[in-house]
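Peer 1: Below is the structure I would like to discuss, written out as structure tokens.
The values are calculated or read from the model by the stated rules, or taken from the named source; none is laboratory data. Remember, it's a predicted structure, so these values are computed and weren't measured experimentally. Note that we place each Cβ from the backbone using ideal geometry, even for glycine, and neighbour counts take in every protein chain shown. Note: accessible area is taken over every heavy atom of the protein model, side chains too, but ligands, DNA and RNA are not part of it. Shrake-Rupley method; radii C 1.70, N 1.55, O 1.52, S 1.80 Å.
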Amino acid sequence: MGLLIAALLLALRPLPAAAVTELQFWHALDGPNGELVTRLAETFNAAQPEYRVVPVYKGSYAETISSGITAYRTGAAPHLLQVFEVGNGTMAAAIGAVRPVATVMREAGLPVTPEDFLPVVATNYLAPEGGMLSLPFNVSSTVMWINRDRFRQAGLDVKRLPTTWPEVFDAARRLKATDPARCALSSAWPTWVHLEQLSAWHDRPLATRSNGLDGYDAELVFNGPLQVRHLQNLVDLKRAGVFAYNDRVNRGESRFVSGDCAIFLTSSSLYGKVAAAARFDWTVAPMPFYPDIVPEPQNAILGGGSLYVMQGKTPDEYRGVARFLAFLMDGRQQATMYRNTGYIPTTRGAYDDAVAEGFFERHPQLHVAVQELTRRPPTRNTGGLRLGNMLQIRDLWAEELEAALNGVKSPQKALDDAVARGNQVLRVFQQRTKK
């Protein structure tokens with residue numbers, strides 16, 4: 001009897017739980033957008049028992065890519081690393097560190113192709129052989145945020161918002177005259193907004209070789225009449241107290257959320273913070289353009305980030321990564337992103353679903369970034385950017401912009417120097433990629 005009871009007790013003992021494979025996902029999203037990343041991971045984890053995605057906030061975009069590269073060199077890279085568009089050139093050249101998404105998905109029986117994504121989204125993230133190098137994740141564009149309460153106070157028509165740069169400058173002067181103590185016009189990410197997006201929006205090259213997409217021998221060419229004219233306008237407006245310069249990144253966005261700045265150009269991804277915290281009537285409008293340069297804008301180049309798969313993992317871990325990436329491409333998860341963040345649906349299917357159910361008709365502010373990116377087929381000047389060491393180059397560009405805005409250099413001299421200094425960095429990067 002004792003042996004029988006012992007056998008029964010042994011049979012009734014719970015079986016050891018199957019081992020769960022942990023997948024590290026390092027990202028740079030904080031606030032509401034960071035909370036959404038956690039929510040996506042939790043949803044995936046709850047849907048299957050084999051894998052557990054662990055999202056880890058690693059700081060700013062620059063800090064995240066730096067952490068990822070350092071971790072790879074020490075053999076401790078995450079499975080997935082979120083990299084903003086500025087890092088695409090560096091990551092594309094990191095042949096030994098990155099495993100192409102197309103390869104990971106194909107090996108897991110979950111193939112993904114560029115045709116799955118909106119056109120300008122796909123062109124930014126292709127490997128040299130044409131497949132997807134990374135997976136588009138949080139894709140945004142520069143948009144113009146407008147405080148309609150401030151417009152009304154200045155006697156401006158909120159039903160006819162400015163669409164051109166001259167109209168924006170006129171509105172900003174009016175806003176400043178009405179309320180001298182507060183900010184009229186400002187922006188975040190100054191090189192992205194006032195060099196990169198400005199050039200693409202007017203179908204002008206930032207660099208040769210399709211802005212670097214066709215090779216690392218690209219040369220910078222953004223010191224032309226359009227860019228010099230625009231910088232001169234900003235210099236004049238700053239001197240008059242109409243344009244406010246904040247910093248090289250996006251800390252100044254709080255000035256719009258608080259109501260201090262009436263017109264603010266930055267990423268569409270600010271939506272979550274504005275929707276949660278702004279206590280005024282606001283809206284979103286497309287980037288302005290110069291009508292004497294082009295009759296209408298071309299298309300924007302995207303901002304935001306994509307997910308790179310790092311080398312050195314096991315086949316089982318890569319299967320889990322592929323399943324998580326497929327999960328993120330699913331229409332339900334895409335909807336979670338574009339409904340709450342200001343990021344756009346990245347897949348054609350998700351965008352078609354959003355249009356079919358009338359989402360963007362009900363939420364036109366969230367449609368602006370999509371329309372900017374897809375309004376016309378991308379050209380060689382607007383398909384994206386892939387410049388090596390662009391983190392370093394952007395700092396050089398910002399330094400020269402600041403020199404012009406502070407009256408130290410003329411706009412032409414500042415942009416000439418920005419191009420020359422940036423090209424020196426590109427040549428060093430080009431030589432290193434040949435080794």
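Peer 1: Excluding ligands, DNA and RNA, what is the solvent-accessible area per residue of the chain at a probe of 1.4 Å, expressed in Å²?
Peer 2: Accessible surface, normalised per residue, equals 42 Å².
Peer 1: Something else: Peptides 393-403, 323-333: what's the order by average Cβ count within 10 Å, highest mean first?
Peer 2: Top of the packing list down: 393-403, 323-333.
Peer 1: For a label point 7 angstrom out from the Cα of residue 413 toward its Cβ, which stretches of the range 224-243 have the backbone nitrogen within less than 19 Å?
Peer 2: 224-225, 227-239
Peer 1: In debye to the nearest 20, how big a dipole does the chain give about its Cα centre with +1 on each Lys and Arg Cβ and -1 on each Asp and Glu Cβ?
Peer 2: 520 debye
Peer 1: Size of the dipole of the range 85-216 about the Cα centre, Lys and Arg at +1 and Asp and Glu at -1 on the beta carbon, nothing else charged, in debye to 20?
Peer 2: For the range 85-216, the charge dipole is close to 720 debye.
Peer 1: Additional query: Treat each spin label as a single point 7 Å out from the Cα along the C-beta direction, and report the residue 434 to residue 39 distance in nm.
Peer 2: Each label point lies 7 Å from its Cα, and together they span 5.0 nm.
Peer 1: Would you compute the Debye intensity of the range 264-306 from its alpha-carbon atoms alone, equal scatterers and no solvent, and pass along log10 I(q)/I(0) at q = 0.24 Å⁻¹ to two decimals?
Peer 2: Each listed q maps to, in turn, -0.96.
Peer 1: Carbon-plus-sulfur fraction of the accessible area of the range 100-148, 1.4 Å probe, in percent?
Peer 2: With neighbouring chains kept in place, the figure for the range 100-148 is 58 percent.
Peer 1: Could you order the peptides 220-228, 194-202 from most to least packed, using the average number of other C-beta atoms within 10 Å per residue?
Peer 2: 194-202, 220-228
Peer 1: Between 94, 300, 51, whose Cα lies farthest towards the positive end of the dipole of the chain when Lys and Arg beta carbons carry +1 and Asp and Glu beta carbons carry -1, centred on the Cα centre?
Peer 2: Going by the charge dipole, the pick is 94.
Peer 1: Further question on the same structure: Roughly how far apart, in whole Å, are the Cα centres of the range 79-112 and the range 218-270?
Peer 2: 32 Å
Peer 1: Which part of the range 25-61 falls in the paramagnetic zone of residue 247, meaning amide N under 20 Å from the point 7 Å along Cα-to-beta-carbon?
Peer 2: 27-34, 57-61
Peer 1: From the C-alpha coordinates alone, can you work out the Kirkwood hydrodynamic radius of the range 289-435, in Å?
Peer 2: Computed over Cα pairs of the range 289-435, the Kirkwood hydrodynamic radius comes out at 19.2 Å.
Peer 1: Moving to a separate point now. Once you charge only the Cβ atoms, +1 for Lys and Arg and -1 for Asp and Glu, what is the size of the charge dipole of the range 234-375 about its Cα centre, to the nearest 20 debye?
Peer 2: 440 debye
Peer 1: Quick one: Cα convex hull volume of the range 79-164, Å³ per residue?
Peer 2: Convex hull volume per residue, Cα atoms: 160 Å³.
Peer 1: I'd like the FRET efficiency for residue 106 and residue 20, computed as 1/(1 + (r/R0)^6) with the beta carbon distance as r and R0 of 25 Å, rounded to 0.05.
Peer 2: 0.50
Peer 1: Follow-up question, since we're still on this one. What ratio of Cα Rg to 2.2 N^0.38 Å holds for the range 382-435?
Peer 2: Normalised by 2.2 N^0.38 Å, the Cα Rg of the range 382-435 equals 1.26.
Peer 1: Something else now. Show that you can apply the helix-only estimate: for the chain, add -39,500 (n - 2.57) for every DSSP H stretch of four or more residues, divide by all residues, and state [θ] at 222 nm to the nearest 500.
Peer 2: My calculation for the chain gives -13500 deg cm²/dmol from helical runs alone.
Peer 1: A follow-up question, please. Can you list residues whose amide H is under 5 Å from residue 52's amide H, if they're 5+ apart or on another chain and H is modeled 1.01 Å from N?
Peer 2: Correct list: 21, 22, 23.
Peer 1: Whenever you get a sec, compute what percent of the accessible area on the range 297-433 sits on carbon and sulfur atoms (1.4 Å probe).
Peer 2: Carbon and sulfur together cover 48 percent of it.
Peer 1: Evaluate the Debye formula for the range 204-351 with equal point scatterers sitting on the alpha carbons, no solvent, and hand back log10 of I(q)/I(0) at q = 0.12, 0.16, 0.20 Å⁻¹, in q order, two decimals.
Peer 2: With one equal scatterer per Cα and no solvent, log10 I(q)/I(0) is -0.81, -1.22, -1.36.
Peer 1: Computed over the Cα atoms, what is the radius of gyration of the chain divided by 2.2 N^0.38 Å, N being its residue count?
Peer 2: The chain yields a ratio of 1.07.
Peer 1: Related question: Largest first, please: the extent of the C-alpha atoms of the range 18-122 along each principal axis, to the nearest Å.
Peer 2: If we take the Cα atoms of the range 18-122, the spans are 38, 32, 30 Å.
Peer 1: Mind checking Rg over Rh on the range 161-215, alpha carbons, Kirkwood formula for Rh?
Peer 2: Rg/Rh for the range 161-215 comes to 1.16.
Peer 1: Shape call for the range 319-384 from the C-alpha gyration tensor, a ≥ b ≥ c root eigenvalues: rounded (a/c under 1.5), prolate (a/b greater than b/c) or oblate?
Peer 2: Oblate.
Peer 1: Rg/Rh for the range 274-349: what does it come to with C-alpha atoms and Rh from Kirkwood?
Peer 2: Reported Rg/Rh (Cα atoms, Kirkwood Rh): 1.13.
Peer 1: Only bridges whose two residues both fall in the chain count here: according to DSSP, what percent of them are antiparallel, nearest 5?
Peer 2: Taking every DSSP beta bridge with both residues in the chain, the antiparallel ones total about 60 percent.
Peer 1: I want to check the label-to-label distance for residue 152 and residue 281. Put each point 7 Å from Cα in the C-beta direction and report it in nm to one decimal.
Peer 2: 0.3 nm
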